[in-house]
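Here's the structure we're looking at; comments come further down.
Read-outs throughout are calculated quantities, based only on the coordinates presented, and are distinct from any laboratory measurement. The structure displayed is predicted, hence computed values, not measured ones. Cβ: placed from backbone, ideal geometry, glycine included. Neighbour counts: every protein chain shown.
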Amino acid sequence: MNVAIVIYSKSGTTFTVARKIASLFTDAKINCDIIRLESKDILRPRLKNIAISTKVNLENYDTVIFGTPVWAFTAAPVVPSFLNTKPVLSGKKVLNFITMGFSLRFLGGNSAQRLLDVLTLECGATVIKNGGIISQSSMHNGSKSEAFVKSIFDKITK
């Protein structure tokens, strides 16, 4: 199995989650790479079709995990903009995870999760629904953070 974790992270929270997920795959002797999406554009919430400066080739991966923070009650615009370029995800298993400041999922986490699920389905992926949403407060709780990361690993490897 080859796993790519494709994320956007401004504050580092989403990147921290990605590193924890990647370490579980590495410990299990599964190849896992983290790809950080970047943009040359000045970013604001709800922008559409942002130019992605990171070159991404997902051809050699059979599993892709996308991660994004919540901005203004939806996904930060970088990952959706990347998915709007229609990368080929046919035949790939995809899971999407969301990080957010608020602990209440209806304050953007749920809509960000749905958006990424729809966009990855449109790219031909086999989407594992309800990948996961983690709040800042849960990130600082060791047992909740570990449980979240383990749940993502388990959903991919089962």
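Amide H to amide H, which residues 5 or more places from PHE97 or on other chains are under 5 Å from it, using H placed in the peptide plane?
Here the answer is PHE66, GLY67, THR68, since their amide H atoms fall under 5 Å of that of PHE97.
Straight-line reach only, C-alpha to C-alpha below 20 angstrom: list the lysines that LYS158 could link to, leaving out same-chain residues fewer than 8 apart.
By straight Cα distance, LYS158 reaches LYS20, LYS29, LYS92, LYS93, LYS129, LYS150.
Put a dot 7 Å past each Cα toward the Cβ at LYS55 and GLN136; how far apart are the dots in nm?
Inter-label distance under the simple model: 3.7 nm.
Of the listed peptides 50-62, 88-100, 25-37, what is their order by residue-averaged count of other C-beta atoms within 10 Å, with the highest listed first? The partial results should precede the final answer.
Details: 50-62: 13.3, 88-100: 21.9, 25-37: 15.3.
Highest-to-lowest ranking by the protection proxy: 88-100, 25-37, 50-62.
Do the sum for the chain: with -39,500 (n - 2.57) for every DSSP H run of n ≥ 4, divided by all residues, what is the mean residue ellipticity at 222 nm, to the nearest 500 deg cm²/dmol? All intermediate terms of the calculation are to be shown ahead of the outcome.
Working: 5 runs with 55 residues, N = 158.
Computed mean residue ellipticity for the chain: -10500 deg cm²/dmol.
For CYS32, which sequence-distant residues (separation of 5 or more, or a different chain) have an amide H within less than 5 Å of its own amide H, given hydrogens modelled in the peptide plane?
VAL3
Would you compute the Debye intensity of the chain from its alpha-carbon atoms alone, equal scatterers and no solvent, and pass along log10 I(q)/I(0) at q = 0.10, 0.13, 0.17 Å⁻¹ to two decimals?
-0.30, -0.52, -0.94
State, to one decimal in nm, how far the label point of THR16 lies from the label point of VAL118, with both points 7 Å from Cα in the Cβ direction.
3.1
For the range 74-80, what does the Karplus curve 6.51 cos²θ - 1.76 cosθ + 1.60, with θ = phi - 60°, yield as ³J(HN,Hα) per residue in whole Hz, taken in order and with x for Gly and Pro?
Taking θ as phi minus 60°, the curve returns 7, 5, 4, x, 6, 5, x Hz for the range 74-80.
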